[in-house]
Structures are given as structure tokens and as C-alpha cells.
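Dropping the structure in here first, questions after.
Only the coordinates and a few stated rules stand behind these numbers; no lab work does. As the structure is a computational prediction, the values presented were derived from the model and not from experiment. As a convention, Cβ positions derive from the backbone with ideal geometry for all residues, glycine included, and neighbour counts pool all protein chains shown.
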């Protein structure tokens, strides 16, 4: 299937690669079909591109690469709605806000995108009761705990 994209122009995608967001993405409730397109050759950054509206595209990345201790719990209802059976079936990305210079970019760690790799169901999950920020510095150095 051919789609128009924000960053890659027109391209052909496989329909089996389409991610299905049953409730859309917060702020875009009617956008329910997206595809992840590599943005960089190393695969570290991708574009979460709407298959319908070429202007709706989000730069994403693997949060565990930048914050190795990133951890959260997804409500059972969300796990069930995504049809997740095992942790290995899950892929997580976070939306980044690119800045100039790039090392000032931020990541939305408070609302990761959780995907089931087996059925391509996906959802942006808003985490409650967390210290994660919507604009967490992507290249921030982790604070060192004081010894005492």
C-alpha cells in the first residue's frame, strides 16, 4: 500500500506492518493507523507515521537506550486490550521533541507507546504516579546518589 509521509515522501508499506491504535493517540483520537519507519540507519530513531494523514508523524526512540533503568507497570486492562501474553511480545517507544541543537531534545517518558508485536495493537499509555516527565532530557546524565 502506498502512503504519503512527512519525512520520506511517498512510500510503499506492507499492510501487516500497520499498528492499530483502537482509541487513536492523545490529541489525535481519529488517527488509528500508524506505521514505524526507520529514520536513522542505526535504527535508534523511527517515525511513527499516520497512514492516513501525512502531516501526522512523531519522531520516536527506544527509551531503554537513553535511560537504562526506565521501568513502568501497565494496567491489566491495557495489557488485555492489547492482547499481550508475554513481555517478549512488547515493544516500547517514546515520542521525542527534537530541539536545536539535537542534544537538547526531550523524550516523553510519561506516555510511552506500547505495542504488541504479535498483533500490531498499540496504545500510548499515560503513566500516573511516576517521576517521569513529558519533556525528559534525552541526553541527560543520570544523577549520582549522595553517599551518606
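Per residue and in Å³, how big is the convex hull formed by the alpha-carbon atoms of the stretch 1-56?
Cα convex hull per residue, to the nearest whole number: 84 Å³.
I would also like to ask the following. Taking the number of other C-beta atoms within 10 Å as the exposure measure, put 123, 4 in order starting with the fewest. If you can, show how the numbers build up before the last one.
On the way: 123 22, 4 15.
So the ranking, lowest neighbour count to highest, is 4, 123.
Based on DSSP, what percent of beta bridges with both residues in the chain are antiparallel, to the nearest 5? Before the final figure, lay out the partial values.
Details: 30 of 32 bridges.
In the chain, approximately 95 percent of DSSP beta bridges are antiparallel ones.
May I ask you to sort 51, 130 by Cβ crowding, counting other Cβ atoms within 10 Å and putting the fewest first?
Working: 51 21, 130 12.
The fewest-first ordering by Cβ neighbours comes to 130, 51.
Using just the alpha carbons, could you tell me how many Å³ per residue the convex hull of the chain encloses?
Output value, Cα hull per residue: 138 Å³.
Counting helices only, and only those DSSP H runs with n ≥ 4, report the 222 nm mean residue ellipticity of the chain as the sum of -39,500 (n - 2.57) divided by its residues, in deg cm²/dmol to the nearest 500. Spell out each step's value before the answer.
Working: 2 runs with 11 residues, N = 148.
Estimated from H runs of four or more residues: -1500 deg cm²/dmol.
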